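Chemist: Pasting a structure here, questions to come.
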Amino acid sequence: MRRPTPRTTTRAVLAVGSVVGSIVLATAAPALAHDGGHDGGHDGGDHGRPGSSHTQPLTPRTHFVMAADGSSGARPDGAGIPNVDSVKKTIATYYGDPGTGLADRTSSPYVVEMTRLTKHLREGLRHAYARAERAGKKPAIVLDADDTTLWTYDMEVGDMKFVFDPVRQDYWVQNKLFPATPGMAALVNEADTMGFTIFGLTGRGAAQKDATLGNLKDVGYNAFTPDHYFTKWAGSTPPAYITCATEKCTTVEYKAGTRQHIERDLGYDIVLNIGDQWSDLQGGHADRNVKLPNPTYYLPSPNLPGVKEPWLTPRTHFTMAPDGSSGRTQGGEGIPNIDSVKKTIATYYGDPGTGIADKARSPYITELAALERRTTERLVEACHQGERRGKRPAVVLDADDTTLWTYDMEVADMKFVFNPTRQDYWVQNKLFPATPGMPSLVKAVARSGCTVIGLTGRNTGQKAPTIANLHEQGYPQFTDALYFTKWRSGEQPPAYMQGHCVAYPTCTTIEYKSTTRAHIEKDLGYDVVGNLGDQFSDLVGGHADRAVKLPNPTYYLP
């Protein structure tokens, strides 16, 4: 269901793909964000040379433990947060979305899962109906709207890009644009024919009721009627049968209270309660609760006072490959919910919900400070040794989220939807603060005899403002001569890139960065004793004695 409300349930629950295993966290580092591309953008990556002293595998973590409420972000462990871009790719794979924001309506892991689930439910309808009749009860089924009977993926992703907009949602509702959730129209119509009374119970508002019923009819549902369809009331006064602890009712209070009304006041037995949110199912008053898969948003709500239903809770253990391929194998409940991921990231960066990171204290700053202490000690020693041996030691550093901190742009401005025009605005206006603690690290290695070199996926038109931004933020060590940026479309790559890119003159991030490090060592005569980046693609490909991965779950650049 969508923003206006979540849902609830009691007694038995069937959650599609909700096997929760005991998974041990991997020790590899995290996964991270956008495609820097041929025209620049975010930065990309690099391995240490064979036999180098880096200690972590240069691959993203694939096993995660994450609470739905975002509290897992309180751990100083950025690698343990599912990367938001990898989550998006996994969701797209699950829904058969080729990258357009539109789901495949005929063939996808989601369609397969829903087909299997609805087939199983349909097979049990006749037995459930007969059992209720033998008990002298009037059997009923209650169903949510969004992503239970009507499918919102194309709106959520193709239109909203995972950033909920109530104006756009109302446009889709009033224009009856939603297709049926796969398999659900056949299930509901069969149940209606069998004799079940069908109730709708949605968090959509009263002003959306007529359009919702029209949409349901248009896409093949025969059973929904105005007198058996409940929407959230207009104004601040709920119906008399709804009891709420405060003036603003929670989703569970509204939905569980309405189900209680259907049973106690209207005389039905709710044999089956179906929803895509756990809050559609909490609070009791249903013989059986069925959770449909939906990793595209999360609508939590506290349960009723004194009611404990630990089985009606989201999964906390996940397996996810960074390339999105897990969407083919994990099932909907096995994909980290994107809203929970965003909340976890906000907690990690000390963001109170404004999209602005806490610049003084956060789990991110705590983790980064510890990493910087260890790294500074090791690199200072390497710089001293290299200088004594006449090896011209150097440290190479990426820009975005290695030396300059992009969180406020990524979240407050872009809402996790990368926009190259906005990114260029931030770059040209030198708006980025320093990555916490990094000016001190850079100063220490420079004082110890290392040359400081910049290597970024930003483009040539962004070079001058990037260096100016760095100088303003306490990095005087970066110079124009030793700051490498990506060429733009139509520009000729540097001569040293020839023969090193499969699709030359287009080069991948790893081809560009590893070849540039090779140039720094072989042609310019430096020994890269340390290579620092926030993306694994900053680090893969050799030509550095030590590769250091900084945490960043806010985007992923493979």
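Chemist: Is it the case, given these coordinates, that Gly220 is on the phi > 0 side of the Ramachandran plot, more than 33 Å from the chain's Cα centre (by Cα) and assigned to a loop (DSSP other than H, G, I, E, B)?
Modeler: no
Chemist: Just to verify a result, which residue in the stretch 501-510, among those that are open to solvent by 30 Å² or more (accessible area, probe 1.4 Å), touching a residue at least 24 places away in the same chain (Cβ under 8 Å) and not in a loop (DSSP other than H, G, I, E, B), is nearest to Cys383 (Cα to Cα)?
Modeler: Checking each candidate, the answer is Ile510.
Chemist: For the stretch 192-204, check the following and say yes or no: at least one residue is open to solvent by 10 Å² or more (accessible area, probe 1.4 Å) and either at pLDDT below 95 or touching a Leu at 6+ places or on another chain (Cβ under 8 Å) (or both).
Modeler: Within the stretch 192-204, one or more residues are open to solvent by 10 Å² or more (accessible area, probe 1.4 Å) and either at pLDDT below 95 or touching a Leu at 6+ places or on another chain (Cβ under 8 Å) (or both).
Chemist: Among (1) of a type outside the set (S, T, N, Q); (2) under 25 Å from Glu377 (Cβ atoms); (3) surrounded by fewer than 19 Cβ atoms within 10 Å (Cβ to Cβ), where does Ala495 come up short?
Modeler: (2)
Chemist: Here's something else I'd like to know. Which members of the stretch 114-159 meet the condition of being of a type in the set (D, E, K, R) and open to solvent by 10 Å² or more (accessible area, probe 1.4 Å)?
Modeler: Matches in the stretch 114-159: Arg116, Lys119, Arg122, Glu123, Arg126, Arg131, Glu133, Arg134, Lys137, Lys138, Asp154, Asp159.
Chemist: Among residues belonging to the stretch 362-386 that are among the small types (Gly, Ala, Ser) and closer than 25 Å to Pro82 by Cα, point out the one that is least open to solvent (accessible area, probe 1.4 Å).
Modeler: By that ranking, first place goes to Ser362.
Chemist: Continuing with this model, one more query. Looking at the stretch 460-474, I want the residues that are over 19 Å from Arg488 (Cβ atoms) and have a partner that is of a type in the set (Gly, Ala, Ser) and part of a helix (DSSP H, G or I) with Cβ atoms under 9 Å, at least 6 apart or on another chain. Which pairs are those?
Modeler: Gly474/Ser440
Chemist: Just checking, which of Val411, Val417 is among the hydrophobic types (A, V, I, L, M, F, W, C), over 18 Å from Thr376 (Cβ atoms) and open to solvent by 40 Å² or more (accessible area, probe 1.4 Å)?
Modeler: Val417
Chemist: Being in contact with an Asp or Glu (Cβ under 9 Å, 6 or more places away or on another chain), β-branched (Val, Ile, Thr) and not in a strand (DSSP E or B) is the filter here, so list the residues in the stretch 388-416 that pass it.
Modeler: Selection gives Thr402, Thr406, Val411.
Chemist: Another question about this same structure. Which residue pairs have Cβ atoms closer than 7 Å, lie 6 or more positions apart in sequence or on different chains, and pair a first residue in the stretch 167-192 that is free of Cβ contacts under 8 Å to residues at least 40 places away in the same chain and under 15 Å from Asn222 (Cα atoms) with a second residue that is surrounded by fewer than 19 Cβ atoms within 10 Å (Cβ to Cβ) and of a type in the set (Gly, Ala, Ser)?
Modeler: Once the first residue is free of Cβ contacts under 8 Å to residues at least 40 places away in the same chain and under 15 Å from Asn222 (Cα atoms) and sits in the stretch 167-192, its partners that are surrounded by fewer than 19 Cβ atoms within 10 Å (Cβ to Cβ) and of a type in the set (Gly, Ala, Ser) give Ala185/Gly220.
Chemist: I need the full set of residues from the stretch 263-280 which are more than 24 Å from Asp147 (Cβ to Cβ) and open to solvent by less than 30 Å² (accessible area, probe 1.4 Å), in order please.
Modeler: Asp269
Chemist: From the residues in the stretch 451-478 that are under 18 Å from Ile520 (Cβ atoms) and of a type in the set (D, E, K, R), which one is surrounded by the most Cβ atoms within 10 Å (Cβ to Cβ)?
Modeler: Arg458
Chemist: Sort out which residues of the stretch 233-263 are hydrophobic (A, V, I, L, M, F, W, C) and under 20 Å from Val142 (Cβ atoms), and write them in order of number.
Modeler: Hits for the stretch 233-263 are Trp233, Ala240, Ile242, Cys244, Cys249, Val252, Ala256, Ile262.
Chemist: Could you look through the stretch 218-262, keep only residues that are charged (D, E, K, R) and in contact (Cβ under 8 Å) with a residue 60 or more places away in the chain, and pick out the one that is most open to solvent (accessible area, probe 1.4 Å)?
Modeler: Among them, the one singled out is Lys232.
Chemist: Quick check on my filter: what residues within the stretch 346-361 are part of a loop (DSSP other than H, G, I, E, B) and open to solvent by 10 Å² or more (accessible area, probe 1.4 Å)?
Modeler: Gly350, Asp351, Pro352, Gly353, Thr354, Ile356, Asp358, Lys359, Ala360, Arg361
The values are calculated or read from the model by the stated rules, or taken from the named source; none is laboratory data. Predicted model only: the values in this text are computed from it and were never measured. All Cβ positions, even for glycine, are placed from backbone atoms using ideal geometry, and neighbour counts span all protein chains on display. Each accessible area value is taken on the protein alone, full model and side chains, heavy atoms only, with ligands, DNA and RNA left out. Shrake-Rupley method; radii C 1.70, N 1.55, O 1.52, S 1.80 Å.
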